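Trainee: Here you go, one structure.
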Amino acid sequence: MVRNLHIERQDEQGKPDAITLEEWAEAVDHIEGVRMAKGDAEVANPLTKEIVVLPNRGGDAEVFREDCHRWLRALFWTPDGAVRFAEPGMAGDPIVPLACQLADELHARVCDDRGEAITPA
């Protein structure tokens with residue numbers, strides 16, 4: 001089952017503390033296996049084969065997948081100062097461990113939509 005997760009940061013009073021695009025890009029630069037994506041994402045609708053364009057707000061990041069030897073767009077910085085991604089639920093997928101490394105770099109945490117903290121398995 002796929003879960004929607006995010007990297008978020010809170011201040012000392014527990015209020016949201018936005019992650020800036022500059023902070024996000026710097027954190028990505030420090031973690032091996034993650035890089036900032038260039039351009040918009042294009043995906044094909046599996047039913048209609050129509051190409052759908054997903055605009056890059058400048059904060060999309062890609063994760064290198066060893067199993068398919070490809071960079072895949074997986075992490076999406078949002079203007080509200082969070083980073084959103086989906087946990088694929090596949091054994092060996094690198095996204096959650098990499099997101100936890102990025103969260104550490106940002107003094108933030110990975111959590112689900114209920115606010116529960118996520119740690120790598």
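Every number here is computed from the coordinates shown, using simple stated rules; none is lab data. Bear in mind that the values here come from a model prediction, so they are computed numbers and not experimental data. Positions of Cβ are generated from backbone atoms using ideal geometry, with glycine treated the same way; all protein chains shown enter the neighbour counts.
Trainee: Please identify the trypsin sites (Lys or Arg not before Pro) of segment 1-73 that satisfy two criteria: DSSP loop assignment and at most 16 other Cβ atoms within 10 Å. Which are they?
Mentor: Sites meeting the loop and neighbour criteria: LYS38, LYS49, ARG57.
Trainee: Follow-up. Obtain the radius of gyration and the Kirkwood radius of segment 48-121 from its C-alpha atoms and give Rg over Rh. Show your work: numbers first, answer last.
Mentor: Working: Rg = 13.5 Å, Rh = 13.7 Å.
A ratio of 0.98.
Trainee: Counting other Cβ atoms within 10 Å of each Cβ, which GluC sites (Glu not before Pro) in segment 33-93 have at most 10 and sit in a DSSP loop?
Mentor: Sites meeting the loop and neighbour criteria: GLU50, GLU66.
Trainee: Which of PHE76, PHE64 comes first, and how do the rest follow, when ranked by fewest Cβ neighbours within 10 Å? The partial results should precede the final answer.
Mentor: Values: PHE76 19, PHE64 16.
The most exposed by this proxy come first: PHE64, PHE76.
Trainee: Which order do VAL96, VAL34, VAL53 fall in if you start with the one that has the fewest other Cβ atoms within 10 Å?
Mentor: Least to most surrounded, the residues fall as VAL53, VAL96, VAL34.
Trainee: Stokes-Einstein diffusion coefficient for segment 3-112 at 10 °C in a medium of 1.306 mPa s, Rh from the Kirkwood formula over Cα pairs: what value in µm²/s?
Mentor: Taking Rh from Cα pairs, D becomes 109 µm²/s.
Trainee: Moving on to the next point. Could you please report the charge total around GLY14, scoring K, R as +1 and D, E as -1 over all other residues with beta-carbon less than 14 angstrom from its beta-carbon? Please report the intermediate quantities before stating the final value.
Mentor: Details: positive: ARG9, LYS15, ARG109; negative: GLU8, ASP11, GLU12, ASP17.
With Lys, Arg at +1 and Asp, Glu at -1, the net is -1.
Trainee: So if each residue of separation counts as 0.36 nm, and I subtract the Cα-Cα distance between PHE64 and ILE31, what length gain in nm does that give? Walk me through the numbers on the way to the answer.
Mentor: Details: separation 33, 0.36 × 33 = 11.88 nm, distance 1.14 nm.
Once the chain is fully extended between PHE64 and ILE31, it gains 10.7 nm.
Trainee: Top mean-square fluctuation among ILE95, ILE51, ILE19, Gaussian network model of the chain, C-alpha springs under 10 Å?
Mentor: Comparing ILE95, ILE51, ILE19 in a Gaussian network model of the chain, the most mobile one is ILE51.
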